[in-house]
1. Please give the solvent-accessible surface of L86 in Å², to the nearest 10, using a probe radius of 1.4 Å with every protein chain present.
2. Counting only other residues whose beta carbon sits under 13 Å from that of L80, what net charge do I get with K and R as +1, D and E as -1?
3. Given the whole protein assembly as supplied and a 1.4 Å probe, what does the accessible area of K45 come to in Å², nearest 10?
4. Which value, in Å² rounded to 10, gives the accessible area of L100 with a 1.4 Å probe and all protein chains present?
5. Given labels modelled 7 Å from the Cα in the Cβ direction, how far is it in nm from F155 to W97?
6. What length, rounded to one decimal in nm, is gained on full extension from T112 through to L83, with 0.36 nm per residue of separation minus their alpha-carbon distance?
7. Taking every pair of alpha-carbon atoms in region 90-154, give the share separated by more than 16 Å as a whole percent.
8. Counting Lys and Arg as +1 and Asp and Glu as -1, what is the net charge of the other residues whose Cβ lies under 15 Å from the Cβ of N156?
Amino acid sequence: MWPPDQEPDPDPDPAPARAGRSPPGAAMPGLRALLPARAYLCSLKGRLLLAESGLSFITFVCYVASSASAFLAAPLLEFLLALYFLFADAMQLNDKWQGLCWPMMDFLRCVTAALIYFAISITAVAKYSDGASKAAGVFGFFATIVFAIDFYLIFNDVAKFLKQGDSADENTADKAEEENSDSDSD
């Protein structure tokens, strides 16, 4: 405005002038630390958790708009739990909080979510006739499938880990038995 802007002098070396400042459109580094890493979001677990939270939110919105509003607590709770596990896995809280059994908590979350979504989706589609209830039921069925895929993958990972641990225990038990046995061959 006043005084009129003067033409800035061309800066031959703009790098030192911008060293302390971020570009005007860039996000602040402090806020960016709250976002999950892009590599995690592109992983299978990250995509599953994003799908779970997205479908849970859509289902929640559909139940809010429908006459089956008695069912809106379950999608809201599953949405919040999926977001919690998304950020907990992305921020690697399972490494920081060793006292919690993260795979078992995630497995139980997925199993209960799949069962609850299946039950309320059948009820919403069969009992209520408005379009929002039908849409909530359909999105609930999709969420059931995504949660079922997630708990299947978690179960396979846990079973593989336990089987690996059992084979190591058997090998050490066999070696100890061979050492302690009397190899008297007469």
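The values are calculated or read from the model by the stated rules, or taken from the named source; none is laboratory data. Here the structure is a predicted model, which is why all the values come from computation and not from measurement. Ideal geometry is used to build each Cβ from the backbone, glycine not excepted, and the neighbour counts take in all protein chains shown. For the accessible areas, the whole protein counts, side chains as well, though only heavy atoms, and no ligand, DNA or RNA atoms are used. Shrake-Rupley method; radii C 1.70, N 1.55, O 1.52, S 1.80 Å.
1. 10
2. Details: positive: R109; negative: E52, E78.
Net charge in that neighbourhood comes out at -1.
3. Around 50 Å² of this residue is reachable by solvent.
4. Accessible area of L100: about 80 Å².
5. It works out to 2.6 nm between the two label points.
6. Details: separation 29, 0.36 × 29 = 10.44 nm, distance 1.61 nm.
My answer for the length gained is 8.8 nm.
7. On the way: 1128 of 2080 pairs.
Percent of Cα pairs beyond 16 Å in region 90-154: 54.
8. On the way: positive: K45, K160, K163; negative: D106, D150, D157.
With Lys, Arg at +1 and Asp, Glu at -1, the neighbours total 0.
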